[in-house]
Amino acid sequence: MKKELSKAYIPADHEDEIYSEWEKSGYFNPDNLDCVKDAEYYSIVMPPPNVTGILHLGHATILALQDILIRYNRMLGKKTLWLPGTDHASIATTTKIELLLKEESLTRHSLGREKFLKRLTYFAQESHDTISKQIKKMGSSCDWSREAYTLDKTRSKTVRAVFKLMHDDGLIYRGDRIINWCPRCQSTLADDEVNHELQHSILYTFKYSKDFPFSVSTTRPITKLGDTGIAINLKDERYNKHLGKTIKTDFVGIPLELKVVADRSIDMEFGSGAVGVTPAHSFTDWKIMEDHGLKTIKVINEQGLINENFGEFSGKTVKEAEILVINKIKEAGLLIDETEIENNIGICYRCHTHIEPLPSLQWFIDVNKKIEKFDKSIKEISLDAVSTGVLGKSKINIIPTNFEKTYFNWMDNLRDWCISRQIWFGHRIPVWYKNNPNLEILNSKHNQDIHVGIEPPEGDGWTQDKDTLDTWFSSGLWTFSTMANAPEQITIQNGKIEIDNADFKNYHPTNVLETGRDILPFWVTKMILMTIYATEDIPFKDVYLNGLVLDEKGQKMSKSKGNAIDPLNMIEKYGTDATRLSVVIGTSPGNDVRLGESKIANFRNFTNKLWNIARYILSTYDLDAKTKITEINKLTLADKWILSKLNNLIVDTDSALDKYQFSLAGENLRDFCWNDLADWYLEVAKFEKTKSKPIILNHILEVILKLWHPFMPFITETIWKELNKKQLLMVQSWPKPISVITNESSTTAKKNFGTIRSIITNIRNIRSQYKVSPTLKIKATIYTKGDLDFIEKSKNIIKSLKTGLEEIAIQEKGEKIKNTVYFNVGSVEVYLEIPNLNLEAEKKRLQLEMKNKNSVITRLQSKLNNEDFVNNAPHDIIKLEREKLGLWTNELEQIESQYNNL
RNA sequence: GGAUGUAUAGCUCAGUUGGUUAGAGCGUCACGUUGACAUCGUGAAGGUCAGUGGUUCGAGUCCACUUACGUCCACCA
């Protein structure tokens, strides 16, 4: 039955309906898939978007690429799981809710921990529904029945278990370390939560006391009260005689003991060339302190006030004390120089307060400590995992491979990881204290009983640590924590995390992690580190990193700049399929993409083209789905040509997708559909009406729908329904090349039809070049030495396809025809008789051709005359070049004789 | 300062392990189009592959240096 489809494809009419059909079918859940018994498992765990997030083009890219992999592997017949989830993102979410509270003139402190968390949880739940709806809008075929949340009960248990495991192994320690402290937020900040801002400051150069042998320079004189050393460059002859000495002095009334040390980081040219080392309030100085065994004196406290024991400075704010110190320096006549300089200063990314580097009692993960069971540190294990493979597992591949360098660089420089945050929302640190008189500020190590455990300790008087864990701690466990579906399944056994269920055995390690290249350092490294440690297995076999989506000018998209493209808006306007294609085609791994709305509109045109291909086929042919293509006994040249092209297309798509070459796969598919199928085969079929066309076209249509499905799930499923199929396209088996034509006949078919195509193209070309009126009929004479047969058979096609030929004469090689336009395709020579031909124009055209061919021939000849080439190049290459030369020379001769004949 | 990436047509980018005359999409221009196509078709113009040097019979592809732009990290006493 022939069938009429609507004139254009309107995505909004189909997408929601199709998605709910998929959901109802249950096939997103691999347990419901009808796979063979020993089918392979394939799994991806979705990088969890922030629970309060809104879908942006970065998500859209990540989701589209993963969905392609998932749908492809599902159609290949694998047990395919895509596990979705969301991240609680403690800091981002806290910031959001604080903004909301601000509108009501509330703060988290005025609200109190309990009420604050209650509001936040409610808010997170509401937002969660928004982001998951948006994930569905993208057509993501993930298994919602297994959805996870980084802060739900099961994930929390995993977090506590891993914390305990690491603590027992001595990897987690509590210590005084220098950290970024925001005095306003009253919290530590991770390094990546600190922004740097350029500002003008005054660089003071002065001596600690009159007779002091060095002068030092600083922009923050107040911190000098905590100096415990002087650092110089080893090569600095002015100072190196003092090396190793400890100098006692009195600085504005405060006694200091300063040890002179040499450090590579000191620039002799900057300031006086000597640096007062303040370990407590500078990261570089902290490192110098560690390297040279200096003391630490803390000047500024967590409230931003000067500590006790600093005489008149104590209790003052940093600003007040700063002024006081400067005045004192000036009064005492110690100041040598004041200059204005520009320097970078750390700013809290949330509230813009200057951060204070402070030593503070925090929880850390020791990345260099040797773990007994591995006899290596987690840092070493993580390096091995990507370089050589670890614990007998194959190595993790990062795609593109050059990002492995970034990974190694990052890992090499990994410092102990501060995992505690003074934020309320998140996984509370599973540590309980007893007999602590000062629980508000947990800064005292004295008189504490400590319990570290998955569950709280029994008995009274225990109080849990007030801090929460860095969000990345729980995201680092994501690939395996998501495999559990109840807290009871998670246990510690033989020093590692065990999850007692089938999913963990079947789907972990996952096959690939697909995510944005920007979070390689933060997230990917931590997943590798944590997972190998906790489960003694890798989290994933491959990592595919996609680039960032930039605007048309190459700038980052952001709401504040107003250059952000909202994918939901695009989906509404152009459809999900077009939006997906626009972030997949024209992108390559790790490289950023520039994307404008016009690109999406362009892919909308293609979806419409595909729709019209289907519409045309369905309305013109009474498709035959019952007869197998292998049962056809007579195929025309064009049939063989398109079928062999289709075979290649399947093979190429497979190989591209297996290598994560999404863009290449998409481009090949588009080329086939648009150029080969629509522009050629369907056009030929208009004139070449054979009985087998309904079978062949049905076959081609089914195959391209299957091949396109991972890329454009909605439109392909919609068309599939129009084919009156009972089963969903999403669970059809992936197409394989057909053996209906042998390799030999397919190559000749492709070559011969290619010749026909070339002849037609040339004729059209010449008509347009000489501005031959479309109504004017012209005559062609075709000479060919060898096989006349295929041209004879394709005569009607040549005539019909917009060539405007009246007559075609085909004969074996004869004499030149005067006053004609000549061209050749391989050994086939074609003469066109065009009435009122402009001979001068034709002469010019032939001259140009001769010039082109001549230059190529000259180059080939000089190459073949080169002795080095002849002696050293591989034989087949030389042979190829000789053949080429012969061919070109031959063609040149023919053009020359035609030129003379004019 | 450390690391890393990019440079190919007017624009956005492909270009697999070195090997036919370096490709695609968009844009531009010309011609055509009343029946599958919010158009579509046919074609044209447009490239010292950033520069210099090297390896090789052969380099867009490998190596070194130079230039320009970018990203990440660290940091500016």
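Out of the residues in region A:357-373 meeting the condition of being part of a strand (DSSP E or B) and more than 32 Å from the chain's Cα centre (by Cα), tell me which one is nearest to RNA strand B (Cβ to nearest atom). The extreme case among them is A:Pro357. Scanning region A:538-548 for residues that are buried (at least 18 other Cβ atoms within 10 Å of the Cβ) and of a type outside the set (Gly, Ala, Ser), we see that the one that is farthest from A:Ala64 (Cα to Cα) is A:Ile538. Of all residues in region A:353-390, those being surrounded by fewer than 14 Cβ atoms within 10 Å (Cβ to Cβ) and closer than 22 Å to A:Trp523 by Cα number 3.
Of all residues in region A:808-816, none are small (Gly, Ala, Ser) and at positive phi.
As a summary of the residue check, A:Ile695 satisfies the conditions (1) part of a helix (DSSP H, G or I); (2) β-branched (Val, Ile, Thr); (3) within 16 Å of RNA strand B (Cβ to nearest atom) except for the one numbered (3). Within region A:141-164, the set of residues being of a type in the set (S, T, N, Q) and within 16 Å of A:Ala534 (Cβ to Cβ) comprises A:Thr150, A:Thr154, A:Ser156, A:Thr158. Look at A:Tyr204 and say whether it is touching a Ser or Thr at 6+ places or on another chain (Cβ under 8 Å), part of a strand (DSSP E or B) and of a type in the set (Ser, Thr, Tyr). When the stated conditions are applied, A:Tyr204 passes them. Count of region A:565-602 residues, restricted to those that are away from RNA strand B (no atom under 12 Å from the Cβ) and touching a residue at least 60 places away in the same chain (Cβ under 8 Å), is 10.
A:Trp720 fulfils the conditions (1) surrounded by fewer than 23 Cβ atoms within 10 Å (Cβ to Cβ); (2) assigned to a loop (DSSP other than H, G, I, E, B) except for a single criterion, (2). Candidates are the residues of region A:240-289 that are hydroxyl-bearing (Ser, Thr, Tyr) and within 14 Å of RNA strand B (Cβ to nearest atom); the one that is modelled with the lowest pLDDT is A:Ser265.
Of everything in region A:856-902 that is more than 8 Å from RNA strand B (Cβ to nearest atom) and of a type in the set (Lys, Arg), the residue that is farthest from A:Phe823 (Cα to Cα) is A:Lys879. In region A:374-396, the qualifying residues are those that are outside any strand (DSSP E or B) and basic (Lys, Arg), and the one that is nearest to the chain's Cα centre (by Cα) is A:Lys395. Restricting to region A:485-518, what's the tally of residues that are assigned to a loop (DSSP other than H, G, I, E, B) and either closer than 29 Å to A:Ala60 by Cβ or without any contact (Cβ under 8 Å) to a residue 40 or more places away in the chain (or both)? Adding up the residues that qualify gives 6. Only one of A:Leu682, A:Leu677, A:Leu664, A:Leu657 is crowded, with 23+ Cβ neighbours inside 10 Å, in contact with a helix residue (DSSP H, G or I) (Cβ under 8 Å, 6 or more places away or on another chain) and not polar (S, T, N, Q). Can you tell me which? Exactly one of A:Leu682, A:Leu677, A:Leu664, A:Leu657 is crowded, with 23+ Cβ neighbours inside 10 Å, in contact with a helix residue (DSSP H, G or I) (Cβ under 8 Å, 6 or more places away or on another chain) and not polar (S, T, N, Q), namely A:Leu677. Would you please name the residue that is farthest from RNA strand B (Cβ to nearest atom), looking only at residues in region A:184-219 that are modelled with pLDDT under 80 and touching an Asp or Glu at 6+ places or on another chain (Cβ under 8 Å)? So the residue we want is A:Gln186. Restricting attention to region A:1-60, and to residues there that are of a type in the set (Ser, Thr, Tyr) and away from RNA strand B (no atom under 16 Å from the Cβ), which single residue is nearest to A:Arg615 (Cα to Cα)? It comes out as A:Tyr19.
For region A:608-638, the tally of residues that are part of a helix (DSSP H, G or I) and of a type outside the set (Asp, Glu) stands at 17.
Take the conditions at pLDDT 90 or above, away from RNA strand B (no atom under 11 Å from the Cβ) and within 19 Å of A:Ala64 (Cβ to Cβ) and apply them to A:Leu529. Does it pass?
Here the answer is no, as A:Leu529 does not meet what is asked.
Does A:Gly229 count as over 47 Å from the mean Cα position of the chain (by Cα) and either crowded, with 21+ Cβ neighbours inside 10 Å or small (Gly, Ala, Ser) (or both)? In short, no.
Condition check ((1) among the aromatic types (Phe, Trp, Tyr); (2) within 24 Å of A:Asp787 (Cβ to Cβ); (3) surrounded by fewer than 12 Cβ atoms within 10 Å (Cβ to Cβ)) across all residues:
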| position | (1), (2), (3) |
| --- | --- |
| A:Glu815 | no, yes, yes |
| A:Tyr822 | yes, yes, no |
| A:Glu840 | no, no, yes |
| A:Lys844 | no, no, yes |
| A:Lys863 | no, no, no |
| A:Phe869 | yes, no, no |
| A:His875 | no, no, yes |
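Taking region A:384-412 as the range and being without any contact (Cβ under 8 Å) to a residue 24 or more places away in the chain, within 16 Å of RNA strand B (Cβ to nearest atom) and farther than 18 Å from A:Tyr544 by Cβ as the test, the residues that pass are A:Ser387, A:Asn409. Restricting region A:262-282 to residues that are crowded, with 21+ Cβ neighbours inside 10 Å and in contact with a Leu (Cβ under 8 Å, 6 or more places away or on another chain) leaves a set whose member that is farthest from A:His292 (Cα to Cα) is A:His281. Checked against (1) surrounded by 14 or more Cβ atoms within 10 Å (Cβ to Cβ); (2) farther than 18 Å from A:Thr353 by Cα, A:Asn180 meets all criteria but (2). Scanning region A:642-688 for residues that are over 31 Å from the mean Cα position of the chain (by Cα), of a type in the set (Gly, Ala, Ser) and near RNA strand B (Cβ under 10 Å from one of its atoms) gives A:Ala678, A:Ala685.
Taking the conditions (1) under 14 Å from A:Ser215 (Cα atoms); (2) part of a helix (DSSP H, G or I) in turn, A:Gly333 satisfies each one other than (2). Considering the conditions (1) touching a Phe, Trp or Tyr at 6+ places or on another chain (Cβ under 7 Å); (2) among the aliphatic types (A, V, I, L, M); (3) within 30 Å of A:Arg177 (Cα to Cα), A:Ile398 is excluded by exactly one of them, (3).
Applying the condition of being within 30 Å of A:Phe504 (Cα to Cα) and more than 19 Å from the chain's Cα centre (by Cα) to region A:535-564 and asking which residue is nearest to RNA strand B (Cβ to nearest atom) yields A:Ile538.
The values are calculated or read from the model by the stated rules, or taken from the named source; none is laboratory data. Quick caveat: nothing in here was measured; it's all calculated off a predicted structure. Please note: Cβ atoms are built from the backbone with ideal geometry, for glycine as well, and neighbour counts cover all protein chains shown.
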